[in-house]
Amino acid sequence: MPEINTSRLRELLARTVGPAPWYWKTFPKLHAASGQPFSWIHRGEQGPLAYLVTLVLEQEPNKARLALNTYCRPFPMPSNQVGVWCPEGRSIRLTCFDTEKLAAFDLAEIAGWFKQSSERIYAATEPLAEFEVPHALEAGMHKVEVPADFRAVDELVVPTSYPAKTDDDPAFALYVFYPQAGLVEVLPQKWFTASQYEVGRQWITRAARDSESHRIFGECFGVGSFLLQEDGCRLERWMDKSGT
């Protein structure tokens, strides 16, 4: 296999979507059918809207169309749709909205309560479709019921906490969704264990697949960026190490 270009992977990682609110600048650019651009706005670190990220039309920045709480990740979809995935109790929730139908709402509707709640996503409009998958599935490939609206998505790599029975068991996994095929592959990260890392303070924030080598790469907060082996479960090497 030809040498994997680490510099190229670093560039790809910089554009890979991470969780709200910390990675909000990586969120996908969206446009309405009319061509009007949407913007993602981080509502700051103080006040009743602190740490929330909202989707607005650029010309109407005070009229939110969608609000995302901590750990949400939006992802692009065909046409005028936007998908969002987030942890939901002991499951991973995937939902999608038609941006043309997202009704505007006043920020006062979410001020104060939303940030403190267990709700991850707020919109005045019902989603087009959604589904959930438990985050305790065994390693390997599983069939899942995927709504038709998601079928145009080829692949989505989802990092999630994973139930570990001992300190030597994987504490994180990558759920690789193949919505088009109605499948999800569970890849426990065998290198990420409580005996080796500070689980909770250190965690996998984002990951993606390199289209050339087909290897998965990603970022572990407090440790650095990594490249996985071909099995997607074992650490090949660190591309960069960060301070803890």
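The values are calculated or read from the model by the stated rules, or taken from the named source; none is laboratory data. Because the structure is predicted, anything quoted here is derived from the model rather than measured. No Cβ is skipped: glycine too gets one built from the backbone with ideal geometry, and neighbour counts run over all protein chains shown.
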Whichever residue in the range 9-19 is touching a residue at least 12 places away in the same chain (Cβ under 8 Å) and not hydrophobic (A, V, I, L, M, F, W, C) and, among such residues, is farthest from PRO159 (Cα to Cα)
ARG10
Somewhere in the range 227-236, is a residue under 19 Å from the mean Cα position of the chain (by Cα), crowded, with 16+ Cβ neighbours inside 10 Å and closer than 16 Å to ARG10 by Cβ?
yes
Here are some residues: SER195, SER211. Which one is surrounded by fewer than 16 Cβ atoms within 10 Å (Cβ to Cβ) and modelled with pLDDT of 95 or more?
SER195
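Every residue, every condition in (1) among the hydrophobic types (A, V, I, L, M, F, W, C); (2) within 18 Å of the chain's Cα centre (by Cα); (3) assigned to a loop (DSSP other than H, G, I, E, B), yes or no:
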| site | (1), (2), (3) |
| --- | --- |
| LYS165 | no, no, yes |
| VAL176 | yes, yes, no |
| TRP191 | yes, no, yes |
| SER211 | no, no, yes |
Return only the number of the condition from (1) on the phi < 0 side of the Ramachandran plot; (2) part of a loop (DSSP other than H, G, I, E, B) that GLY232 does not satisfy.
(1)
Just to be sure I understand, how many residues within the range 14-32 are modelled with pLDDT of 95 or more and outside any loop (DSSP other than H, G, I, E, B)?
5
Restricting to strands (runs of 3 or more DSSP E) lying wholly in the range 41-156: which have 2 or more residues that are at negative phi and small (Gly, Ala, Ser)?
63-68
Tell me, please, whether a residue that is of a type in the set (Gly, Ala, Ser), surrounded by 16 or more Cβ atoms within 10 Å (Cβ to Cβ) and in contact (Cβ under 8 Å) with a residue 60 or more places away in the chain can be found in the range 165-188.
no
Can we say ALA129 is of a type in the set (Gly, Ala, Ser), touching a helix residue (DSSP H, G or I) at 6+ places or on another chain (Cβ under 7 Å) and surrounded by 13 or more Cβ atoms within 10 Å (Cβ to Cβ)?
yes
